[in-house]
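Below is one structure; the comments refer to it alone.
The values are calculated or read from the model by the stated rules, or taken from the named source; none is laboratory data. On a predicted model such as this, the values are computed, not experimentally measured, just so you know. Note that we place each Cβ from the backbone using ideal geometry, even for glycine, and neighbour counts take in every protein chain shown. Ligands, DNA and RNA are excluded from the accessible area calculation, which covers all protein heavy atoms including side chains. Shrake-Rupley method; radii C 1.70, N 1.55, O 1.52, S 1.80 Å.
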Amino acid sequence: MTLIIQKLRSFAIFTLLVFVFCLGTLLRVFPFFKRFISNVIDTMFPFKMPQDDYWDSMFSRQMLTGLLRYIHLDMNKKTKLGTKAYNSPLFSLDGTTCFRLLDCSKQGRPLVLSDFGEIVRDFSDIADFVIVYIEEAHPSDGWALKNNYNIPKHRTQEDRCAAARLLLSCDSPCAVGVDSMLDSANLAYGASPERLYIIQESKIVYQGGPGPMSYRTREVRVWLENYASQKISYVG
């Protein structure tokens, strides 16, 4: 029964998206619709993106394919809040070393899957941090955006590690791992296009929503502040 419900849900989401995209394709020629969509995006997203950077890709086949993939990853991810964390295999930036995600954590400390240096600096005394680079959200040969990095879809592990080196500084304030071409981390954590997690004692204790709309670093900060307060109270 659960499988039937999941399939019906997937079909309903697919049908709704196709309808929205067909309607958007018809209306995109009207200036009022362009203004409406831009206002919606400015309201929903935590950052302001120039309209010219994304408008040409709006309601395109590549955008529909990308959104469907993100939804599929989210619905089928292995991890759930409170469950055991998946110990994904990762590669170093230079692609020469393979290690496991939980190797980045130390006993008794939460592991935060994050990419914001400010949080890393503020809480490095109580938590460990790791950035995991996965598939490219807007490849130049897929759902491409203007004025973005010219990174095509990764064909090999070398491609993915090279893209990670381009986007992530080698002097990153925390550990960096690159997902394998099996996409094991991406599939396990429903990470595309971006997502925040906190793991403690090998269990998921915080699971952020799929980005960029539900990518809320403030929630991670609040969790870490509460965790720090509990540690102080316990020691005291």
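Only bridges with both residues in the chain count here: give the DSSP antiparallel percent, nearest 5.
Percent antiparallel among DSSP bridges in the chain is about 65.
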task = Please work out the FRET efficiency for the pair residue 30 and residue 146, using the Cβ-Cβ distance as r and a Förster radius of 22 Å; give the result to the nearest 0.05.
result = 0.55
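At a 1.4 Å probe radius, carbon and sulfur cover how many percent of the accessible area of the chain? If you can, show how the numbers build up before the last one.
Numbers: 8180 of 13640 Å².
Carbon with sulfur: 60 percent of the solvent-accessible area.
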request  = Could you tell me which helices of the chain pass both thresholds, a Cα extent of 18 Å or more along their own axis and a mean Kyte-Doolittle hydropathy of at least 0.0, with helices taken as whole DSSP H runs?
outcome  = 2-27, 31-44
key: Accessible area expressed per residue, the chain, with surrounding protein chains retained (probe 1.4 Å, Å²)   = 58
ask   = Could you sort 120, 29 by accessible area so the largest value comes first, with the probe set to 1.4 Å?
value = 29, 120
message = What number do you get for the range 1-47 when its Cα radius of gyration is normalised by 2.2 N^0.38 Å, N = residues?
response = 1.60
task = Using a 10 Å cut-off on Cβ atoms, rank the peptides 124-132, 96-104 from the highest mean neighbour count down.
result = 124-132, 96-104
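With the cut-off at 20 Å, tell me which of the pairs 48/77; 7/84; 48/80; 106/203 have Cα atoms farther apart than that. Spell out each step's value before the answer.
Numbers: 48/77 29 Å; 7/84 25 Å; 48/80 31 Å; 106/203 13 Å.
The answer is 48/77; 7/84; 48/80.
By how many nm would the segment from residue 87 to residue 74 lengthen if fully extended, with 0.36 nm per residue of separation less the alpha-carbon distance?
Details: separation 13, 0.36 × 13 = 4.68 nm, distance 1.78 nm.
Stretched out fully, the residue 87 to residue 74 stretch lengthens by 2.9 nm.
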Debye intensity ratio I(q)/I(0), log10, the chain, q values 0.09 Å⁻¹ (C-alpha model) = -0.44
message = With an 8 Å Cα cut-off and a minimum separation of 6 or more residues, compute the relative contact order for the chain in percent.
response = 23
request  = Return the ratio Rg/(2.2 N^0.38 Å) for the range 1-114, where Rg is computed over Cα atoms only.
outcome  = 1.49
